[in-house]
1. Somewhere in region 195-205, is a residue in contact with a helix residue (DSSP H, G or I) (Cβ under 8 Å, 6 or more places away or on another chain), β-branched (Val, Ile, Thr) and over 23 Å from residue 260 (Cβ atoms)?
2. Return the residues of region 66-111 that are out of contact with any Gly (no Cβ under 7 Å at 6 or more places or on another chain), modelled with pLDDT of 95 or more and small (Gly, Ala, Ser); say none if nothing qualifies.
3. Taking the residues in region 96-115 that are assigned to a loop (DSSP other than H, G, I, E, B) and within 21 Å of the chain's Cα centre (by Cα) as candidates, determine which candidate is surrounded by the fewest Cβ atoms within 10 Å (Cβ to Cβ).
4. Of the conditions (1) over 20 Å from residue 280 (Cβ atoms); (2) crowded, with 24+ Cβ neighbours inside 10 Å, residue 51 clears all except one; give me its number.
5. With the requirement that a residue be touching a Phe, Trp or Tyr at 6+ places or on another chain (Cβ under 6 Å) and touching a residue at least 40 places away in the same chain (Cβ under 8 Å), what does region 144-192 give you?
6. From (1) more than 19 Å from the chain's Cα centre (by Cα); (2) touching a residue at least 12 places away in the same chain (Cβ under 8 Å), pick out the condition that doesn't hold for residue 195.
7. So which strands (runs of 3 or more DSSP E) are wholly in region 11-87 and hold at least 3 residues that are among the charged types (D, E, K, R)?
8. Does residue 141 satisfy being under 24 Å from residue 243 (Cα atoms) and either touching a strand residue (DSSP E or B) at 6+ places or on another chain (Cβ under 6 Å) or modelled with pLDDT under 95 (or both)?
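The values are calculated or read from the model by the stated rules, or taken from the named source; none is laboratory data. The shown structure was predicted, so the numbers you read here are calculated from the model rather than taken from an experiment. Glycine also receives a Cβ, built like all others from the backbone with ideal geometry; neighbour counts cover every protein chain displayed.
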Amino acid sequence: MSLLAIGTLAFDDIETPYGKADMIVGGSCTYITYAASYFASEVQIVSVIGEDFPETVMNDLKSKGADLEGVELKRGEKSFFWAGRYHDDMMGRDTLDTQLNVLADFDPKLPPAYRNTDYVMLGNLTPSVQMQVIEQMESKPKFLALDTMNFWMDVAMDELKAVLKKIDILIINDEEARQLSGELSLLKAAAKITDMGPKSLIIKKGEHGALLFQGDKTFFAPALLLPKVVDPTGAGDTFAGGFMGYLAATDDISFENLKRAIIHGSALASFVVEDFGTRKLERLTKSDIDGRVAQFSELVRVNF
């Protein structure tokens, strides 16, 4: 089945202990789409770009099953840009520059063909923009996922809480979960957050894996130890894209299948960090992904 993805198509300057990459293609929607394309039959993109965004990238996304009707092109303007430098431990990073450009007045408009899509991934954007997308849906999606960040909790908490009441699953990291809930314990945080609206919650813990909460059920997916992490940028979006792409492909939102989707999302995320930007993500094969999924499955398999 199709997946509807809302987010950014952007440029990044990235510096890590392993080097520097300037003006590479990034953005939440880019990572989500590349990851989801390995599973979903079609990814419908809602985003905005400037005239500087490469046509070659748009053509590549289209070749992988992306529907670009929902991408707005603003002539004479520049695409969203972010620059950052990672610390030596690759856990923290400093933002060096942010240029909203076309994103400053982004007013998403869903083409008619997108308004009844069953699987929807709302990438990290202003909560009011996320709500605009939800309100344009003509039928309630079967599964609606949301990503957000600390910044929106600081400046738009009321709007964020309104969006949380509309979604099925929230995908955030442990720091964000603690801020949103006001709890240090992730177990208590999960209970408070699911009381806010989402039936399910994924808390990402970076190199320590991911937790899934739904009612009284919990699942932990470990992370795969890698010899070298070159660039963590987009790992969370790649995880979300793989997770939602797998759900759309299998059309099964049971707790057991959510667990399988987490493993597939984790597998895709483990690839993207091995090179700058989307470089590794663009050239994966089914064999690559199946092999990595098998490695993750081995980490969670226990026989008694």
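1. no
2. Hits for region 66-111 are 66, 70, 76, 83, 84.
3. 107
4. That leaves (2) as the condition not met.
5. If the condition is that a residue be touching a Phe, Trp or Tyr at 6+ places or on another chain (Cβ under 6 Å) and touching a residue at least 40 places away in the same chain (Cβ under 8 Å), then 168 is the only one that fits.
6. Every listed condition holds for residue 195 apart from (2).
7. Hits in region 11-87: 66-74.
8. Criteria met by residue 141.
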